1. Of all residues being among the aliphatic types (A, V, I, L, M) and open to solvent by less than 40 Å² (accessible area, probe 1.4 Å) in region 103-116, which is farthest from Gly61 (Cα to Cα)? Just the residue, please.
2. What number goes with the only condition from (1) touching a residue at least 24 places away in the same chain (Cβ under 8 Å); (2) over 28 Å from Ile6 (Cα atoms) that Val117 does not pass?
3. Since Glu98 meets every condition but one in (1) surrounded by 14 or more Cβ atoms within 10 Å (Cβ to Cβ); (2) modelled with pLDDT of 90 or more; (3) acidic (Asp, Glu), which condition does it not meet?
4. Suppose we keep only residues that are in contact (Cβ under 8 Å) with a residue 12 or more places away in the chain and not in a loop (DSSP other than H, G, I, E, B) within region 50-68. Which one would you say is farthest from Met148 (Cα to Cα)?
5. Just wondering, is there one or more residues in region 134-146 that are modelled with pLDDT of 95 or more and under 30 Å from Val5 (Cβ atoms)?
6. Name the residues in region 117-165 that are open to solvent by 50 Å² or more (accessible area, probe 1.4 Å), not in a helix (DSSP H, G or I) and not basic (Lys, Arg), would you?
7. Only residues that are crowded, with 18+ Cβ neighbours inside 10 Å and in a helix (DSSP H, G or I): list them for region 20-41, please.
8. Which members of region 101-116 meet the condition of being assigned to a loop (DSSP other than H, G, I, E, B), touching a strand residue (DSSP E or B) at 6+ places or on another chain (Cβ under 9 Å) and of a type in the set (Gly, Ala, Ser)?
Amino acid sequence: MSKRVIVTISRQYGSAGKLIGEKLAESLGIQCYDKVFLEEISKKLGVSSAFFRDENRGENGMYEVGGRSALSMVTSLTVNNEVFESAARLIREIAAKESAVIVGRCGDYVLKDEANVLSLFIYADKQERIQRGIELYHLKPEKAEETMQRFDRKRANFYEFYTDRKWGAISNYSMVINTSKVGIEQCVQYLSAVVKTMQQEEG
(Lines give C-alpha, C1' and ligand atoms only; values in the text may rest on other atoms or scores of the structure.)
Protein backbone atom coordinates (compact mmCIF):
# COMPACT_ATOMS: atom_id res chain seq x y z
CA MET A 1 0.00 0.00 0.00
CA SER A 2 1.43 3.39 -1.01
CA LYS A 3 2.02 6.17 1.48
CA ARG A 4 -0.22 9.19 1.71
CA VAL A 5 1.43 12.25 0.19
CA ILE A 6 0.06 15.77 0.30
CA VAL A 7 1.06 18.36 -2.28
CA THR A 8 0.47 21.98 -1.26
CA ILE A 9 0.56 24.72 -3.85
CA SER A 10 1.07 28.42 -3.25
CA ARG A 11 1.17 30.44 -6.43
CA GLN A 12 1.44 33.83 -8.02
CA TYR A 13 -1.51 35.14 -9.98
CA GLY A 14 -1.26 34.03 -13.61
CA SER A 15 1.41 31.38 -12.98
CA ALA A 16 -0.90 28.44 -13.81
CA GLY A 17 -0.43 27.05 -10.31
CA LYS A 18 -4.06 26.04 -9.93
CA LEU A 19 -4.09 24.39 -13.36
CA ILE A 20 -0.93 22.46 -12.49
CA GLY A 21 -2.56 21.30 -9.26
CA GLU A 22 -5.64 20.07 -11.10
CA LYS A 23 -3.61 18.28 -13.76
CA LEU A 24 -1.27 16.75 -11.18
CA ALA A 25 -4.19 15.42 -9.15
CA GLU A 26 -5.75 13.96 -12.29
CA SER A 27 -2.50 12.26 -13.30
CA LEU A 28 -2.16 10.71 -9.83
CA GLY A 29 -5.81 9.76 -9.46
CA ILE A 30 -6.26 11.86 -6.31
CA GLN A 31 -8.39 14.87 -5.33
CA CYS A 32 -7.47 18.52 -5.81
CA TYR A 33 -8.92 20.77 -3.12
CA ASP A 34 -9.35 24.50 -3.68
CA LYS A 35 -12.72 26.27 -3.52
CA VAL A 36 -14.27 23.32 -1.66
CA PHE A 37 -12.79 24.75 1.54
CA LEU A 38 -14.73 27.96 1.14
CA GLU A 39 -17.91 26.07 0.28
CA GLU A 40 -17.66 24.09 3.51
CA ILE A 41 -16.85 27.18 5.55
CA SER A 42 -19.74 29.18 4.05
CA LYS A 43 -22.13 26.43 5.16
CA LYS A 44 -20.71 26.53 8.66
CA LEU A 45 -21.02 30.32 8.91
CA GLY A 46 -24.44 30.34 7.29
CA VAL A 47 -23.55 32.72 4.46
CA SER A 48 -23.57 32.55 0.71
CA SER A 49 -20.39 31.28 -0.93
CA ALA A 50 -20.45 34.58 -2.86
CA PHE A 51 -19.13 36.18 0.33
CA PHE A 52 -15.78 34.54 -0.45
CA ARG A 53 -15.38 35.94 -3.94
CA ASP A 54 -12.00 37.57 -4.52
CA GLU A 55 -13.62 40.97 -5.04
CA ASN A 56 -14.69 40.90 -1.38
CA ARG A 57 -11.11 40.82 -0.12
CA GLY A 58 -9.57 44.07 1.04
CA GLU A 59 -6.01 45.19 0.36
CA ASN A 60 -4.92 43.33 3.51
CA GLY A 61 -6.17 40.08 1.96
CA MET A 62 -8.99 39.76 4.48
CA TYR A 63 -12.61 39.09 3.57
CA GLU A 64 -14.55 42.22 4.38
CA VAL A 65 -17.69 42.31 6.51
CA GLY A 66 -20.22 45.05 5.94
CA GLY A 67 -23.66 45.98 4.75
CA ARG A 68 -26.65 44.00 5.93
CA SER A 69 -25.24 40.50 5.70
CA ALA A 70 -25.68 37.91 8.43
CA LEU A 71 -22.12 38.74 9.45
CA SER A 72 -22.63 42.50 9.82
CA MET A 73 -22.34 42.34 13.61
CA VAL A 74 -19.14 40.36 13.54
CA THR A 75 -15.73 41.88 13.01
CA SER A 76 -13.78 41.09 9.88
CA LEU A 77 -10.94 39.73 11.97
CA THR A 78 -13.23 37.28 13.75
CA VAL A 79 -14.59 36.05 10.44
CA ASN A 80 -11.16 35.71 8.88
CA ASN A 81 -9.86 33.88 11.94
CA GLU A 82 -12.73 31.43 11.52
CA VAL A 83 -11.96 31.07 7.82
CA PHE A 84 -8.30 30.32 8.52
CA GLU A 85 -8.94 27.91 11.40
CA SER A 86 -11.71 26.07 9.57
CA ALA A 87 -9.58 25.67 6.46
CA ALA A 88 -6.62 24.48 8.56
CA ARG A 89 -8.85 21.92 10.26
CA LEU A 90 -10.12 20.61 6.92
CA ILE A 91 -6.57 20.44 5.53
CA ARG A 92 -5.39 18.37 8.52
CA GLU A 93 -8.38 16.03 8.17
CA ILE A 94 -7.62 15.48 4.49
CA ALA A 95 -3.92 14.90 5.18
CA ALA A 96 -4.79 12.26 7.79
CA LYS A 97 -6.87 10.14 5.43
CA GLU A 98 -5.74 10.49 1.81
CA SER A 99 -3.21 11.72 -0.70
CA ALA A 100 -4.31 15.02 -2.19
CA VAL A 101 -3.34 18.29 -3.82
CA ILE A 102 -4.23 21.40 -1.82
CA VAL A 103 -4.20 24.77 -3.56
CA GLY A 104 -3.75 27.85 -1.39
CA ARG A 105 -5.21 28.25 2.13
CA CYS A 106 -1.69 28.47 3.65
CA GLY A 107 -1.46 24.70 3.23
CA ASP A 108 2.34 24.64 3.39
CA TYR A 109 2.24 26.35 6.80
CA VAL A 110 -0.63 24.27 8.19
CA LEU A 111 1.24 21.04 7.35
CA LYS A 112 4.78 22.29 8.00
CA ASP A 113 5.39 19.71 10.75
CA GLU A 114 3.93 16.76 8.84
CA ALA A 115 5.93 14.13 7.00
CA ASN A 116 5.31 13.32 3.33
CA VAL A 117 4.32 16.84 2.32
CA LEU A 118 5.59 18.30 -0.95
CA SER A 119 5.13 22.06 -0.67
CA LEU A 120 5.40 24.09 -3.85
CA PHE A 121 5.53 27.75 -4.78
CA ILE A 122 4.63 28.31 -8.42
CA TYR A 123 5.61 31.53 -10.15
CA ALA A 124 6.19 32.81 -13.68
CA ASP A 125 7.76 35.68 -15.57
CA LYS A 126 5.86 38.95 -15.35
CA GLN A 127 4.92 39.33 -19.01
CA GLU A 128 3.68 35.76 -19.25
CA ARG A 129 1.49 36.26 -16.20
CA ILE A 130 0.06 39.46 -17.66
CA GLN A 131 -0.64 37.72 -20.97
CA ARG A 132 -2.37 34.84 -19.19
CA GLY A 133 -4.59 37.32 -17.39
CA ILE A 134 -5.56 38.90 -20.71
CA GLU A 135 -6.26 35.58 -22.41
CA LEU A 136 -7.89 33.56 -19.62
CA TYR A 137 -9.63 36.25 -17.61
CA HIS A 138 -10.43 38.59 -20.51
CA LEU A 139 -8.72 41.53 -18.89
CA LYS A 140 -7.96 44.70 -20.80
CA PRO A 141 -4.19 45.03 -21.36
CA GLU A 142 -4.04 48.27 -19.38
CA LYS A 143 -5.69 46.57 -16.39
CA ALA A 144 -3.89 43.21 -16.49
CA GLU A 145 -0.73 44.23 -14.63
CA GLU A 146 -2.65 46.14 -11.97
CA THR A 147 -4.92 43.12 -11.40
CA MET A 148 -1.93 40.78 -11.15
CA GLN A 149 -0.24 42.98 -8.56
CA ARG A 150 -3.44 43.39 -6.54
CA PHE A 151 -4.13 39.64 -6.35
CA ASP A 152 -0.56 38.86 -5.33
CA ARG A 153 -0.59 41.60 -2.71
CA LYS A 154 -3.79 40.24 -1.16
CA ARG A 155 -2.48 36.67 -1.13
CA ALA A 156 0.80 37.75 0.42
CA ASN A 157 -0.87 39.87 3.10
CA PHE A 158 -3.26 37.12 4.15
CA TYR A 159 -0.50 34.50 4.21
CA GLU A 160 1.93 36.65 6.16
CA PHE A 161 -0.69 37.73 8.70
CA TYR A 162 -1.58 34.15 9.64
CA THR A 163 1.80 32.45 9.26
CA ASP A 164 4.31 35.13 10.26
CA ARG A 165 6.34 33.95 7.27
CA LYS A 166 7.24 35.62 4.00
CA TRP A 167 5.00 34.58 1.11
CA GLY A 168 7.13 33.11 -1.66
CA ALA A 169 10.31 32.78 0.44
CA ILE A 170 12.30 29.79 -0.78
CA SER A 171 12.83 28.45 2.75
CA ASN A 172 9.08 27.83 3.16
CA TYR A 173 8.78 25.32 0.35
CA SER A 174 10.12 22.00 -0.87
CA MET A 175 10.35 23.38 -4.40
CA VAL A 176 9.98 26.71 -6.17
CA ILE A 177 9.10 26.40 -9.86
CA ASN A 178 9.05 28.99 -12.64
CA THR A 179 6.46 27.82 -15.17
CA SER A 180 7.88 30.18 -17.78
CA LYS A 181 11.03 28.05 -17.79
CA VAL A 182 9.36 24.68 -17.16
CA GLY A 183 6.21 24.17 -19.21
CA ILE A 184 2.96 23.15 -17.58
CA GLU A 185 2.92 19.60 -18.95
CA GLN A 186 6.59 19.02 -18.14
CA CYS A 187 6.00 20.35 -14.66
CA VAL A 188 3.08 17.98 -14.11
CA GLN A 189 5.07 15.00 -15.38
CA TYR A 190 8.04 15.81 -13.13
CA LEU A 191 5.92 16.40 -10.03
CA SER A 192 3.92 13.24 -10.67
CA ALA A 193 7.15 11.24 -10.71
CA VAL A 194 8.31 12.91 -7.48
CA VAL A 195 5.05 12.14 -5.69
CA LYS A 196 5.08 8.52 -6.83
CA THR A 197 8.61 8.15 -5.50
CA MET A 198 7.58 9.65 -2.16
CA GLN A 199 4.64 7.24 -1.96
CA GLN A 200 6.95 4.28 -2.34
CA GLU A 201 9.70 5.37 0.05
CA GLU A 202 10.28 3.46 3.25
CA GLY A 203 9.84 5.55 6.22
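The values are calculated or read from the model by the stated rules, or taken from the named source; none is laboratory data. These numbers were taken from a predicted model, which means no experiment stands behind them. Heads up, the Cβs are rebuilt from the backbone with ideal geometry, glycines too, and the neighbour counts pull from every protein chain shown. For accessibility, only protein heavy atoms count, side chains too; no ligands or nucleic acids. Shrake-Rupley method; radii C 1.70, N 1.55, O 1.52, S 1.80 Å.
1. In the first step, residues of region 103-116 are kept if they are among the aliphatic types (A, V, I, L, M); the result is 103, 110-111, 115.
After this cut, where a residue has to be open to solvent by less than 40 Å² (accessible area, probe 1.4 Å) as well, the list is 103, 110-111.
Values: Val103: 16, Val110: 18, Leu111: 21 Å.
Checked region 103-116; the qualifying residue farthest from Gly61 (Cα to Cα) is Leu111.
2. (2) is the only condition that Val117 fails.
3. (1)
4. Phe51
5. Checked against the condition, which is being modelled with pLDDT of 95 or more and under 30 Å from Val5 (Cβ atoms), region 134-146 yields no hits at all.
6. Listed by number, the residues that qualify are Tyr123, Asp125, His138, Asp164.
7. Ile20, Gly21, Lys23, Leu24, Ala25, Leu28, Phe37, Leu38, Ile41, listed by residue number.
8. Of everything in region 101-116, just one residue is assigned to a loop (DSSP other than H, G, I, E, B), touching a strand residue (DSSP E or B) at 6+ places or on another chain (Cβ under 9 Å) and of a type in the set (Gly, Ala, Ser), namely Gly104.
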